[in-house]
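Participant: This is the structure I want to talk about, given as structure tokens.
The values are calculated or read from the model by the stated rules, or taken from the named source; none is laboratory data. Keep in mind that what you see is a predicted model, and the values were worked out from it rather than measured. Quick reminder, even Gly has a Cβ in these numbers, built from the backbone with ideal geometry, and neighbours come from all protein chains shown.
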């Protein structure tokens with residue numbers, strides 16, 4: 001429990017911690033208000049049962065003399081109205097406090113999910129090579145909801161209702177310590193025994209729920225992302241089966257958690273009702289005076305009316321803490337990941353002389369003993385066009401990722417004009433690069449927004465968009481064949497466009513900022529021969545003004561490059577044209 005509280009406290013920001021302290025203060029005030037409202041019923045019931053008690057109790061006599069009612073009935077009426085006013089005021093204050101708590105909890109959902117997504121996006125590229133994007137999406141959405149609604153919210157309710165239970169307990173203790181002690185012992189034994197029986201199972205099904213939830217996201221994402229392959233291979237039943245199995249297990253565990261969290265209420269309600277009857281009989285046996293039994297029974301009944309739901313909410317909070325501990329562990333661990341160092345670039349690192357790779361050694365984290373490069377040295381002069389060719393698996397794309405600054409070699413350096421590219425300046429270097437991957441990702445936005453990728457619509461330079469589209473040989477298609485031109489929505493991942501059209505949009509995106517360095521990774525593989533030739537001519541026209549590095553499988557795609565580099569294992573073979 002204490003470990004979970006430390007993790008939750010660690011997830012909160014400094015501002016949120018201050019707000020949490022204010023919430024705690026509100027909860028204490030709410031408990032005091034509830035105590036006052038419960039306490040107010042006793043004088044009313046005492047005088048109602050036997051008006052003569054006014055003369056026997058000094059506090060009631062002083063109040064009677066201060067109010068100077070015309071008769072005891074008017075005094076009873078005033079006491080009743082005062083009790084009603086206190087209960088209403090207490091309920092209103094309770095509603096305000098619960099709204100403040102709920103607002104804090106729901107804004108915490110926004111804060112944690114936003115910070116978690118931001119934290120993921122600050123991780124180095126290698127991080128995403130080892131983590132499934134479906135699982136990361138699940139953490140940002142589903143697991144944060146699980147954390148907030150099944151852990152932080154129950155915890156806030158646990159604190160609020162715990163303060164109320166303590167206040168009611170203190171009130172009963174002040175009235176009758178023996179009876180209060182018996183009530184507390186019975187409740188503690190009931191809830192303690194139930195929690196002790198179910199805590200192990202809650203922990204187990206909580207972790208199984210987390211795994212099943214990840215499998216739901218992964219199955220759904222794989223099926224919808226690869227819908228063309230799913231349709232052609234008739235694999236829908238396989239994905240539906242995988243999703244259904246995970247979804248069923250997920251739902252079963254949710255149902256089990258709800259049952260284990262709520263079922264003790266019925267046992268405690270029966271125990272509470274039995275207890276009230278027993279207390280009434282014991283008090284009647286002690287005093288044989290209904291006038292003494294009635295106010296005590298009213299106090300216990302009203303206190304039980306407030307305490308039992310609060311005790312049930314506290315138990316449910318403990319149960320949900322145990323059930324959601326897996327979500328807390330996952331999010332706490334991911335929020336503790338070291339962020340990729342480096343500040344936003346202040347200016348572009350413009351290439352003027354050469355790019356140089358010196359004695360590069362690189363191995364992927366999953367295969368540290370099988371380096372892709374063990375001693376790679378390469379120099380690329382500024383404003384030249386270089387083609388990179390080699391068999392599949394030779395390391396062409398890895399070389400491209402190192403040049404992009406996405407992968408950091410274990411040994412050796414990447415330098416630009418003699419300046420080593422490090423975590424501190426890699427973003428400045430990336431600002432100087434236009435990159436076209438083998439498969440261009442397109443978001444479900446307009447053509448213009450996809451070309452100016454990452455730029456808010458109101459800040460898009462439409463002249464630059466058109467210039468880039470012309471260079472990528474797609475301007476005529478956009479203006480003549482798309483009904484809304486550059487405002488046309490392309491669909492998720494560009495589903496409404498052909499492969500060649502998607503790739504040309506990717507090339508236009510790389511040219512939008514008019515970067516001095518252009519890197520193309522199999523960028524023309526999806527183009528027809530005529531468009532590829534036109535694009536190669538456009539790239540050739542840029543030669544001398546930009547440094548262009550092209551990866552291709554076909555030598556014909558590199559015919560306009562001034563130098564061709566063949567990657568063969570750790571060997572680099574250079575050929576000038």
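Participant: I'd like to know if the stretch 42-50 contains one or more residues that are in the same structural domain as residue 159 (by TED's automatic domain parsing) and exposed (fewer than 15 other Cβ atoms within 10 Å of the Cβ).
Facilitator: Kept after step one, since they are in the same structural domain as residue 159 (by TED's automatic domain parsing), are these residues of the stretch 42-50: 42-50.
Of the ones still in play, those that are also exposed (fewer than 15 other Cβ atoms within 10 Å of the Cβ) are none.
No, that holds for no residue.
Participant: Can I ask one more? If you check residue 16 against the conditions, is it buried (at least 19 other Cβ atoms within 10 Å of the Cβ) and touching a residue at least 24 places away in the same chain (Cβ under 8 Å)?
Facilitator: Working: buried (at least 19 other Cβ atoms within 10 Å of the Cβ): no; touching a residue at least 24 places away in the same chain (Cβ under 8 Å): yes.
Taking the combined requirement at face value, the residue does not satisfy it.
Participant: Tell me which of these residue 30 doesn't satisfy, since it passes every other one: (1) surrounded by 14 or more Cβ atoms within 10 Å (Cβ to Cβ); (2) at pLDDT 85 or above.
Facilitator: Of everything listed in (1) surrounded by 14 or more Cβ atoms within 10 Å (Cβ to Cβ); (2) at pLDDT 85 or above, residue 30 misses just condition (2).
Participant: Got a number for residues in the stretch 445-477 being buried (at least 17 other Cβ atoms within 10 Å of the Cβ), in a helix (DSSP H, G or I), free of Cβ contacts under 8 Å to residues at least 40 places away in the same chain and over 33 Å from the mean Cα position of the chain (by Cα)?
Facilitator: Count: 4.
Participant: Additional query: For the stretch 406-420, check the following and say yes or no: at least one residue is in contact with a strand residue (DSSP E or B) (Cβ under 8 Å, 6 or more places away or on another chain), free of Cβ contacts under 8 Å to residues at least 12 places away in the same chain and surrounded by fewer than 16 Cβ atoms within 10 Å (Cβ to Cβ).
Facilitator: Within the stretch 406-420 (the criterion being in contact with a strand residue (DSSP E or B) (Cβ under 8 Å, 6 or more places away or on another chain), free of Cβ contacts under 8 Å to residues at least 12 places away in the same chain and surrounded by fewer than 16 Cβ atoms within 10 Å (Cβ to Cβ)), the answer is yes, since at least one residue qualifies.
Participant: Going by the structure shown, is residue 387 touching a strand residue (DSSP E or B) at 6+ places or on another chain (Cβ under 7 Å), at positive phi and part of a strand (DSSP E or B)?
Facilitator: Values: touching a strand residue (DSSP E or B) at 6+ places or on another chain (Cβ under 7 Å): yes; at positive phi: no; part of a strand (DSSP E or B): yes.
When the stated conditions are applied, residue 387 does not pass them.
Participant: Hey, does the stretch 81-99 have a residue that's closer than 30 Å to residue 329 by Cα, surrounded by 16 or more Cβ atoms within 10 Å (Cβ to Cβ), under 42 Å from the mean Cα position of the chain (by Cα) and in the same structural domain as residue 203 (by TED's automatic domain parsing)? Step through it out loud before you land on a result.
Facilitator: Looking only at the stretch 81-99, we keep the residues that are closer than 30 Å to residue 329 by Cα, and these are 97-99.
So of that shortlist, the ones also surrounded by 16 or more Cβ atoms within 10 Å (Cβ to Cβ) come out as 97-98.
Subset that is under 42 Å from the mean Cα position of the chain (by Cα): 97-98.
Narrowing the set further to residues that are in the same structural domain as residue 203 (by TED's automatic domain parsing) leaves 97-98.
Scanning the stretch 81-99 turns up at least one residue that is closer than 30 Å to residue 329 by Cα, surrounded by 16 or more Cβ atoms within 10 Å (Cβ to Cβ), under 42 Å from the mean Cα position of the chain (by Cα) and in the same structural domain as residue 203 (by TED's automatic domain parsing).
Participant: For the condition modelled with pLDDT under 70 and either assigned to a helix (DSSP H, G or I) or assigned by TED's automatic domain parsing to the domain that holds residue 278 (or both), what is the one hit in 180, 193, 163, 170?
Facilitator: Values: 193 fails: modelled with pLDDT under 70; 163 fails: modelled with pLDDT under 70; 170 fails: modelled with pLDDT under 70.
It is 180.
Participant: Tell me whether the stretch 134-153 contains one or more residues that are more than 18 Å from residue 209 (Cβ to Cβ), touching a residue at least 60 places away in the same chain (Cβ under 8 Å) and in a helix (DSSP H, G or I).
Facilitator: no
Participant: Any residue at all in the stretch 431-444 that is assigned to a helix (DSSP H, G or I) and touching a helix residue (DSSP H, G or I) at 6+ places or on another chain (Cβ under 6 Å)?
Facilitator: Narrowing the stretch 431-444 to residues assigned to a helix (DSSP H, G or I): none.
The answer is no, given that none of the residues of the stretch 431-444 is assigned to a helix (DSSP H, G or I) and touching a helix residue (DSSP H, G or I) at 6+ places or on another chain (Cβ under 6 Å).
Participant: It is to be established whether one or more residues within the stretch 395-404 are outside the structural domain of residue 127 (by TED's automatic domain parsing), in contact (Cβ under 8 Å) with a residue 40 or more places away in the chain, in a loop (DSSP other than H, G, I, E, B) and over 20 Å from residue 123 (Cβ atoms). Spell out the reasoning first.
Facilitator: Kept after step one, since they are outside the structural domain of residue 127 (by TED's automatic domain parsing), are these residues of the stretch 395-404: 395-404.
Then keep just the ones that are in contact (Cβ under 8 Å) with a residue 40 or more places away in the chain; that gives 395-397, 399-404.
Still in the list and also in a loop (DSSP other than H, G, I, E, B): 395, 404.
From what's left, over 20 Å from residue 123 (Cβ atoms): 395.
Yes, the stretch 395-404 has at least one match.
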